[in-house]
Every structure is written in structure tokens, then in C-alpha cells.
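The values are calculated or read from the model by the stated rules, or taken from the named source; none is laboratory data. Note that the coordinates shown come from a computational prediction; the quantities given were computed from them, not determined experimentally. Here Cβ is always computed from backbone atoms with ideal geometry, including for glycine, and neighbour counts include all displayed protein chains.
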Amino acid sequence: MSFTRFAPSPTGYLHRGHLLSALFVFAAADYFGCRVRLRIEDHDQSRARQEYIESIPVDLARFGFHFESISLQSNRYALYEKYAKKLKEALLLYPCTCSRKKLFAENPVNEDGEIIYGGCCEHRKEASEEPFALRFKVPNKNILWNDLLLGSFQENPKLQCGDFAIQDRLGQWTYQFAVCVDDLEENIGLIVRGEDLRSSTARQIALSQALGRKKEPLYLHHPLLFEKEGKKLSKRQQSQSLRAELEQGMDEMDLLGSVCFEARVIQENRRVSLEEAIHYIQNAYFGRFSKNSLLN
Ligand code: GLU
Ligand code: ZN
């Protein structure tokens, strides 16, 4: 049995964007024949909050989403250490003492606003007294992959972002690293997430291979919901939470219908059940695949 996962970061309450993402995850799991894990991605301890962590499974259960397992990244530091050791032994890590200011002053940025690290600390062997990040030596080659909805992509991580951090200067494991370890350890064969993460895929494939992953997962990046002004829905913009919307009088079926309507998988804004919502997503997006065709 293969697994997929829903992996929100607990830096705010879940909002409509998460609801759409959860619908895609469950629609894909049902269609392609895999089970769903919930992973709460609290790798960024400066932004994660306990009340948000606790709210995630509770809020999802209200809509009828139930999970095969629930994990929390902050419980897995020993595992991250183990994999970091493996990379270190393969001579694929080096310490980088550059400050944020130095990084932005000395390196170009890509279209997502991330620096393309030029490798100025590449030859550092041992860390100094100063705080340091650990960078992963990315291969300088095109990585090819095929997205189930978007088609084929290729990207060279060396040119796209350069050697990236697996641990930051505060000692926190980064998203890119934690997600690859977790997807490997949790036997995730299908990754369903928003299109905003598409650009992380090539570097995650490179890192997963270095971690020892034998078979790449399948990737499915889904369209995002946009707010009226055309901005991406995100917690940082203080979008309304599902909790708040439910308190203000909408019920779960109203919200499911409204999200399906905004995502244009139904033509009018009406109440729908979870089963219907999943069915509409499958009809709109997965029709060209035969059922249970991709995994195992
Ligand atoms: N934690 C990430 C987010 O909330 C998702 C990570 C992933 O699906 O790879 O945006
Ligand atoms: Zn550096």
C-alpha cells in the first residue's frame, strides 16, 4: 500500500486554500488507491504555535477528513540527525557562516526571490565558533520529472538555487530537508500539493536521491485559490480561517461548495458533501487517468 500526505504548517489556522488542498489529496488518494497521512510541518519553531498544531486535526475532522497517521516534525529530530549524518559521511554537506545580509548582498535572486547561492563557503571543512547553516551540495545537472497535472519539467538546482540549507543558522531543520526525510520514511508514493511548491521539486528529488530514496514519488501540483484582488491565499495575508467562517454562520457543506465553486469544479455556488466535492475534483482533473492505474 502506498501513501500520500497532507502537510500543513501550523503557522495559522487552516483556511480555504488548505481545504482545497485537502480535497485534492483525498480525491487523488481515492482515485489512485493510496491512504492519507497527516503531517504537521512545524519545522519552523519561530512560527509554529501549539494552538495551531492542535487545531489542524480538529478542523479537518469537522469536514470528514480522517487520516491513517498523524505526525509532527518536532518529534523527529533524531531521524533528521540520522539522515544528516548520512549526507555528511557522503561529503555532501558543508557549514556556511554567511549572514542573511551577506547572502542577499553577494548572490543573485531567482524569480521566487530566493538567493542562488554561489558557494562561497563551499570549501569550509569544519564549522567555526560563529553560527552556521549546513548546506547540501546540489548536483549541477538537469533533473527531469513529470507532473500528473502540469506535464514535464526540468530544472538544474545548481542554477535555480545553488547549494541549499538543510539546517539554518539557528539549528532548525529546513522545510526542504525535513519534507524529503519524512516523505521517504513515511513511504509517500504520491505527493499532492499546491502549485506554489512546484519549484521546490527538482531540488527535493536531488536531495531524496542523496538520502537513499530508490524510487521517486509521483508529483501532482494543483491550482491555488486566489483572493479577489488576485493574490494567493495564504496565512501571512491573514486570510479568514475556516474556523472563523464556520463561526460566522457557514456550515461545512456551504464551505465545501464554495471552495469547489471558487476552484471552478462546479458551476454554481451551492452546498456539497465531502463525497461530492471529491467526486467533482476527480471529474475535473483526473478523468484522463484510469482508476488505480499509477501506484503499486
Ligand atoms: N508545509 C507546506 C505548506 O504548508 C507543504 C509542504 C509540502 O506539501 O511539500 O505549504
Ligand atoms: Zn556561506
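One table, with the values for the structure above:
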item	result
Residue list for segment 181-195, restricted to those being over 9 Å from the mean Cα position of the chain (by Cα) and either assigned to a helix (DSSP H, G or I) or small (Gly, Ala, Ser) (or both)	Val181, Asp182, Asp183, Leu184, Glu185, Gly189, Glu195
Residue that is farthest from Asp251 (Cα to Cα) [pool: residues in segment 44-62 that are among the β-branched types (Val, Ile, Thr) and surrounded by 12 or more Cβ atoms within 10 Å (Cβ to Cβ)]	Ile53
One residue from Leu295, Leu256 being modelled with pLDDT of 95 or more and either at negative phi or loosely packed, with under 13 Cβ neighbours inside 10 Å (or both)	Leu256
Residues within segment 173-212 that are more than 22 Å from Ala28 (Cα to Cα) and either aromatic (Phe, Trp, Tyr) or without any contact (Cβ under 8 Å) to a residue 60 or more places away in the chain (or both), tallied	6
Unique match (being surrounded by 16 or more Cβ atoms within 10 Å (Cβ to Cβ) and at pLDDT 95 or above) among Ser241, Ser273	Ser241
Unmet requirement for Glu51, which otherwise passes all of (1) without any contact (Cβ under 8 Å) to a residue 24 or more places away in the chain; (2) touching a helix residue (DSSP H, G or I) at 6+ places or on another chain (Cβ under 6 Å)	(2)
Enumeration of residues in segment 63-76 that are surrounded by 14 or more Cβ atoms within 10 Å (Cβ to Cβ) and either touching a residue at least 40 places away in the same chain (Cβ under 8 Å) or farther than 17 Å from Glu41 by Cα (or both)	Phe63, Gly64, Phe65, Phe67, Glu68, Ser71, Gln73, Arg76
Matching entry among Lys158, Lys137 (being within 16 Å of ligand 2 (Cβ to nearest atom), touching a residue at least 12 places away in the same chain (Cβ under 8 Å), charged (D, E, K, R) and in contact with a strand residue (DSSP E or B) (Cβ under 9 Å, 6 or more places away or on another chain))	Lys137
Residue ID - nearest to ligand 1 (Cβ to nearest atom), chosen from residues in segment 89-124 that are exposed (fewer than 13 other Cβ atoms within 10 Å of the Cβ) and either in a loop (DSSP other than H, G, I, E, B) or touching a residue at least 40 places away in the same chain (Cβ under 8 Å) (or both)	Asp112
Any hit, segment 209-217, residues being surrounded by 17 or more Cβ atoms within 10 Å (Cβ to Cβ), of a type in the set (A, V, I, L, M) and more than 15 Å from the chain's Cα centre (by Cα)	yes
